[in-house]
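Below: one structure, written as structure tokens.
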Amino acid sequence: LSEQVIADVAEQLDLLSGQGLSQVVINFREVRFMSTTLLAVLLKFSRRVMAAGGKLKLCSISEDLRVVFKITGFDHFFEIYPDESAALDAF
């Protein structure tokens, strides 16, 4: 939720997007809270991955975070899987 954490995550995702990865899974197992600003960062990253011909999948999102994704409509922009194995198998 803090601006510093959001900036750190955005920086890490920028570094990843510069590596030309084609298959990316982000595991949310340890994430309990997320702001809409961070959702926008994820969307931007997803668009960069897709522009490079890749795919982004999210997994292990808690029920509380699923509500945030649903309320904001972001559940339509991301492929969400129950766990990492399912996300990897979907490639």
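The values are calculated or read from the model by the stated rules, or taken from the named source; none is laboratory data. Only a predicted model underlies this, so the values are computations on that prediction, with no experimental measurement involved. So basically every Cβ, Gly included, is an ideal-geometry build from the backbone, and we count neighbours across all protein chains shown. For accessibility, only protein heavy atoms count, side chains too; no ligands or nucleic acids. Shrake-Rupley method; radii C 1.70, N 1.55, O 1.52, S 1.80 Å.
Data for the structure
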item	result
Residue tally, condition within 11 Å of Ile26 (Cα to Cα) and basic (Lys, Arg), over the range 56-91	1
Subset of the range 42-82 (residues that are modelled with pLDDT of 90 or more, within 18 Å of Gln12 (Cβ to Cβ) and among the hydrophobic types (A, V, I, L, M, F, W, C))	Leu42, Leu43, Phe45, Val49, Leu56, Leu58, Cys59, Phe78
Qualifying residue in the range 74-85 (condition: among the hydroxyl-bearing types (Ser, Thr, Tyr) and open to solvent by 60 Å² or more (accessible area, probe 1.4 Å))	yes
Lone qualifier among Phe33, Phe45 - being aromatic (Phe, Trp, Tyr), in contact with a helix residue (DSSP H, G or I) (Cβ under 6 Å, 6 or more places away or on another chain) and within 21 Å of Gly73 (Cβ to Cβ)	Phe45
Of all residues in the range 22-46 being open to solvent by 60 Å² or more (accessible area, probe 1.4 Å) and under 23 Å from Phe91 (Cβ atoms), the one that is nearest to the chain's Cα centre (by Cα)	Lys44
Filtered residue count, the range 17-34, keeping only those that are at pLDDT 85 or above and among the polar types (S, T, N, Q)	2
Residue check for Ile6: touching a strand residue (DSSP E or B) at 6+ places or on another chain (Cβ under 8 Å) and either touching a residue at least 24 places away in the same chain (Cβ under 8 Å) or more than 20 Å from Ala87 (Cβ to Cβ) (or both)	no
